[in-house]
Every structure is written in structure tokens, then in C-alpha cells.
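Nothing in this text is a laboratory measurement; each read-out follows from the coordinates by a stated rule. Model, not experiment: these values are computed from the prediction. Neighbour counts are summed over all protein chains in view; Cβ atoms, including those assigned to glycine, are modelled from backbone coordinates with ideal geometry.
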Amino acid sequence: MIDKIKQHIKEAQAFTTEDKTTLEEFRIKYLGSKGLLKDFFAEFKNVPNEQKKEFGQVINELKNTAEEKVKSIQELLESKTESINLFGDLSRPGTPINIGSRHPISLVKNQILDVFSTIGFNVSEGPEIEDDWHNFTALNLPEYHPARDMQDTFFIQTNPDVLLRTHTSSVQVRYMENNKPPIRTISPGRVFRNEAISSRSHCIFHQVEGLYIDKNVSFADLKQTLLYFTKEMFGKSKIRLRPSYFPFTEPSAEVDIYWGLKTETDYRITKGTGWLEIMGCGMVDPNVLKNCGIDPNEYTGYAFGMGIERIAMLLYQIGDIRMFYENDVRFLEQFKSSL
Ligand code: DAH
């Protein structure tokens, strides 16, 4: 009998399962109300006295072994279900991560910054919520100046001094206030205008502003820089400067590049002329320099500003500006292979 019990101890020790029903069968077999231990304990009274001690020890050992086994397997199985509930099936292959791509506006912005950084321009930024001074007054656009109407402004609450900047030219002012010439800086950023939304214009868009201040800077320097930019950016080397008006530059000009008239699209986007307007520019008005603490008798400079959306639309042949802000992944995914 004792040998038989010892045999059961060995079996119980060796027992293992990952299945709850098999574990329950094991428990019933040993510990159940009609289980083996019950039988062995009942047998106790028939055991000769001299064997009682050893008999008692082995059935207790069997009981402890069986109980411990049930407990440890139970714990193991529970922790497994827990982890399955927490993490799902850990043996399944992972879900692929959908890697995003840069937005076309960022791509074009980075390209523009790259072109100018190779000729020594640094990058500067300013706040999107501006005050009247930096967005208008310092730029030679005092209150009631009619040119303010060119840029329909969003004001913050009812305070006419706090507004969403209408152009990145405000960063010029901040930069000149805080830095001494020579200055070569390029300022990308988001701008806001209270305009009706259509395929050609939006109330939120992006600009890049350029500013160059030093001794003896001339209009010829400006023209050369623009020519370099259009060559690098568009691969086109024919530009023209059309006289124009901006309050913050004197003289002012609008820059057209010769796009050509090879395809039907060329005819459409250049309205049959072959020329495309890409930015505004000019020599920084002496008043602006003065407003920003720079002596116009000592320094001169040029500035230019362009819309990033317009350039992105040209480069990627996008017909509707609204596409940039809809975040339609079918549109955005097309730029995946770009930088
Ligand atoms: N700020 C002008 C605009 O938003 C663009 C511009 C034109 C910027 C001429 C300049 C400039 O720096 O010289 O329409």
C-alpha cells in the first residue's frame, strides 16, 4: 500500500497540463470527495500499528503534492489568460505600422530653405498671433493706410491691436529689432487672411519671407539672388521683374518666371502668356529700417515674400488649394517617395 501511494506521489509530481479540464480531472482524482486520498485516509484504520506513522506521512505528502500542483498550475493558467486578454494572442504576427509622409507644404518649404541656406541665409520664425506694430505699422503701413485693405485681417476678439499675422513680413521686423546687420534670414510660416475659400485662395496659407541687410546692397544683388533661386527651385533661368507696389519696399517689384508654353497645362496656368508670377520683392523702405532701429544711411537691403502653396501647386501640378488642408490620405500618400 505504501509503495502504491509513493507511486502516486511520483505521478502527481510529474503531472502537467495547459488545459483547465484536465487539471480539474486531476484534482477530482486525488482531492475530490470520492478521490484517492479519501480512500487512503479511510484505509488508515486497517493499517497495522507499526506502519501507521509511515502511512500517515506518505498520504500527507501525497495530499500536499496534489494540492500544490493544482494551485501552481491554476496560477499559471490564469496568468496566461490575463496576458491574452491584455495583449491579444502574443504569437500572432504584428500589425504593420503605417508610416506617415511629409506634407507637400513641408516638402516645398524645406526645399526653399535648402536653396537659401546654401547662400548663407539662416532660418527665423515669429509668432502667428501678432500685434499691429509688427504686422503693419513698422512695415510702413500706419493705421488708415489704404494698403491695409489688401490684406483682410482676422482680429483676436475685439482688440484691434492683436491679430493673426497676414504675412510673414512681420518676422522681418522682429528680426531687425533683435539682430544687427549684416542680416540674411529666411522666415517660413503660416499666415491668415479673411478671404473667401476657393480653389485658388484660402484663409490659412503659408509664406516664406526673405531679408538681406548689409552695406551697399543693391537691386542687382536682389535680382541675382532671385535668378539663383528660380534656377535651383524650378530649373528655369528666365525671370522678369515687373514694377509693383508694397508699402515696405521701395522700389517694389513682382517676380515672374518664364514657365514656357509646351503643354496645355502651361497655357492654362500662365493664361497663355508663358509667364508665372511667383513672389513680391523690393528694396527695404528706409522708413522700415528706421522703425526697426537700423540706420538707413549706413545700411540698405532687399526683401521678398512668396506663397508656399502657390509654388507647391506649380511643382506638383495641384489644381485646388483646398487639397492641402483636407488631410485626405489618398492625396498625402502620393508624396511618400519624396524627401
Ligand atoms: N508681404 C507680402 C504679401 O504678403 C509679400 C511681400 C512682398 C513680401 C514684397 C516682401 C516684399 O518682403 O518685399 O503679399
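Structure data summary
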{"item": "Along the chain, longest interval not containing exposed GluC sites (Glu not before Pro), exposed being DSSP loop plus at most 16 other Cβ atoms within 10 Å", "result": "19-124"}
{"item": "Rg/Rh (Cα only; Kirkwood hydrodynamic radius) as it applies to the range 104-332", "result": "0.96"}
{"item": "Alpha-carbon Rg/Rh ratio, for the range 26-67, with Rh computed the Kirkwood way", "result": "1.00"}
{"item": "Long-range tail of P(r) for the range 85-148 (Cα pairs > 14 Å, %)", "result": "78"}
{"item": "Set Lys38/Lys69; Lys238/Lys290; Lys6/Lys38; Lys34/Lys80 screened for pairs whose C-alpha atoms are more than 25 Å apart", "result": "Lys238/Lys290; Lys34/Lys80"}
{"item": "Per-residue ³J(HN,Hα) for the range 6-15, Karplus 6.51 cos²θ - 1.76 cosθ + 1.60, θ = phi - 60°, Hz, x for Gly and Pro", "result": "4, 4, 4, 4, 4, 4, 5, 4, 7, 4"}
{"item": "Within the chain, longest stretch clear of exposed chymotrypsin sites (Phe, Trp or Tyr not before Pro) (DSSP loop, no more than 14 other Cβ within 10 Å)", "result": "155-339"}
{"item": "Qualifying trypsin sites (Lys or Arg not before Pro) for the range 47-135 [loop in DSSP, other Cβ within 10 Å: at most 15]", "result": "Arg102"}
{"item": "Cα centroid separation - the range 217-247 against the range 270-339, whole Å", "result": "13"}
{"item": "Proximal lysines relative to Lys236, as straight alpha-carbon distance under 23 Å, when same-chain residues fewer than 8 apart are discounted", "result": "Lys109, Lys223, Lys262, Lys271"}
{"item": "For the chain, calculated [θ]222 nm from helices alone, where every DSSP H run of n ≥ 4 adds -39500 (n - 2.57)", "result": "-13000 deg cm²/dmol"}
{"item": "The range 2-87: radius of gyration over Cα atoms, expressed as a fraction of 2.2 N^0.38 Å", "result": "1.30"}
{"item": "Qualifying trypsin sites (Lys or Arg not before Pro) in the range 233-271, DSSP loop, other Cβ atoms within 10 Å at most 11", "result": "Lys262, Lys271"}
{"item": "Residue order, fewest to most beta carbons within 10 Å, for Cys281, Cys203", "result": "Cys203, Cys281"}
{"item": "Rounded Å value of the spacing that divides the Cα centres of the range 1-39 and the range 172-193", "result": "83"}
{"item": "Qualifying trypsin sites (Lys or Arg not before Pro) in the range 1-42, DSSP loop, other Cβ atoms within 10 Å at most 12", "result": "Lys34"}
{"item": "Diffusion constant of the range 81-219 at 4 °C, which comes from Stokes-Einstein with the Kirkwood Cα-pair radius and 1.567 mPa s, µm²/s", "result": "71"}
